[in-house]
Amino acid sequence: MTGAPYLIFLDRDGTLIRHIPYLCDPDAVELLPGVRDGLVRLKEAGHLLFLHTNQSGVGRGYFTLEQAIACNERMIELLAFPSSPFEAICVAPEHPDAEPVHRKPSPRFALEMAKRHDATPDQIVYIGDTPSDLLAAQAAGGLGIGVNSGDGPLPDRLKAQGLEAVFPVFDCFGAAVSHILATDLDSTKRDTETP
């Protein structure tokens with residue numbers, strides 16, 4: 001891939017680590033297969049990585065923001081990079097019924113990072129296992145790429161919302177990374193945009 005680097009926003013639970021409902025125990029964090037290798041490939045290609053995770057358990061009072069951050073830190077430890085692979089991390093703690101700030105599908109974090117890195121919306125890519133991840137990308141003017149490795153079949157969840165033809169979905173993180181590295185994403189985005 002040539003041209004400007006992509007700003008790649010990564011969901012956490014069900015995308016990078018095994019999905020556990022309301023995860024708050026760092027000892028339970030488990031990387032999904034192929035994740036570290038996929039992140040290495042993206043970084044070696046020059047792309048910028050960001051972590052964007054909804055953690056409504058904080059807003060619901062199930063656990064603290066500090067516990068959510070501790071799980072992030074454990075994941076980064078398991079990834080075993082020389083330093084964090086992420087340019088920035090956004091933990092969105094809002095309850096689903098609260099006014100969204102950074103909670104996906106809000107595009108706010110992506111747009112803030114695009115401004116900080118002097119990037120355009122068409123450089124924004126989200127990889128995630130839920131419709132809200134992919135809709136955040138769409139709302140930011142970028143591309144959403146699904147991975148069917150989380151809580152429930154993503155194709156079925158997209159179909160229920162009439163979105164099955166909008167977002168590509170891959171069985172694993174490595175396949176999604178290969179798609180990014182091998183595809184003209186600008187063309188893909190144009191082809192999959194809804195009217």
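The values are calculated or read from the model by the stated rules, or taken from the named source; none is laboratory data. Just so it is clear, the model here is predicted, and its values are computed rather than measured. Cβ coordinates were reconstructed from backbone atoms using ideal geometry, including for glycine residues, and neighbour counts include every protein chain displayed. The accessibility values were calculated without ligands, DNA or RNA, using every heavy atom of the protein model including side chains. Shrake-Rupley method; radii C 1.70, N 1.55, O 1.52, S 1.80 Å.
Within the range 166-195, the set of residues being among the hydrophobic types (A, V, I, L, M, F, W, C) and either touching a Cys at 6+ places or on another chain (Cβ under 6 Å) or at pLDDT 65 or above (or both) comprises Val166, Phe167, Val169, Phe170, Cys172, Phe173, Ala175, Ala176, Val177, Ile180, Leu181, Ala182.
Please indicate, with yes or no, whether at least one residue in the range 51-59 is part of a loop (DSSP other than H, G, I, E, B) and open to solvent by less than 70 Å² (accessible area, probe 1.4 Å). Scanning the range 51-59 turns up at least one residue that is part of a loop (DSSP other than H, G, I, E, B) and open to solvent by less than 70 Å² (accessible area, probe 1.4 Å).
Count of the range 91-102 residues, restricted to those that are open to solvent by 50 Å² or more (accessible area, probe 1.4 Å) and closer than 17 Å to Glu66 by Cα, is 1.
From the residues in the range 62-91 that are among the aliphatic types (A, V, I, L, M) and more than 26 Å from Tyr6 (Cα to Cα), which one is nearest to the chain's Cα centre (by Cα)? Filtering first and then ranking leaves Ala68. Among the residues making up the range 138-152, a single one is hydrophobic (A, V, I, L, M, F, W, C) and surrounded by fewer than 24 Cβ atoms within 10 Å (Cβ to Cβ): Ala139.
In the range 58-81, the residues that are closer than 19 Å to Arg18 by Cβ and β-branched (Val, Ile, Thr) form Cβ pairs under 8 Å with partners that are at pLDDT 95 or above and open to solvent by 40 Å² or more (accessible area, probe 1.4 Å), at six or more places apart or across chains, as follows: Ile76/Ser84.
Applying a threshold of 7 Å to beta carbon distances and a minimum spacing of six or more residues, or different chains, the list of pairs starting in the range 25-36 at a residue that is at positive phi and ending at one that is of a type outside the set (A, V, I, L, M) and open to solvent by 40 Å² or more (accessible area, probe 1.4 Å) reads Gly34/Cys172. Tell me which residues, restricted to the range 142-151, are touching a strand residue (DSSP E or B) at 6+ places or on another chain (Cβ under 6 Å) and within 15 Å of Thr15 (Cα to Cα). The answer is Gly144, Ile145, Gly146, Val147, Asn148. Close Cβ contacts (under 7 Å, 6 or more residues apart or on different chains) running from residues in the range 152-170 that are under 19 Å from Gly14 (Cα atoms) to residues that are open to solvent by 50 Å² or more (accessible area, probe 1.4 Å) and modelled with pLDDT under 95 comprise Pro155/Glu164; Leu158/Glu164. Of all the listed residues (Leu111, Leu163), the sole one being open to solvent by 30 Å² or more (accessible area, probe 1.4 Å), over 22 Å from Val40 (Cα atoms) and at pLDDT 95 or above is Leu111.
Listed residues Thr64, Thr53, Thr120; which is more than 27 Å from Val169 (Cα to Cα) and among the β-branched types (Val, Ile, Thr)?
Working: Thr53 fails: more than 27 Å from Val169 (Cα to Cα); Thr120 fails: more than 27 Å from Val169 (Cα to Cα).
From the options Thr64, Thr53, Thr120, the qualifying one is Thr64.
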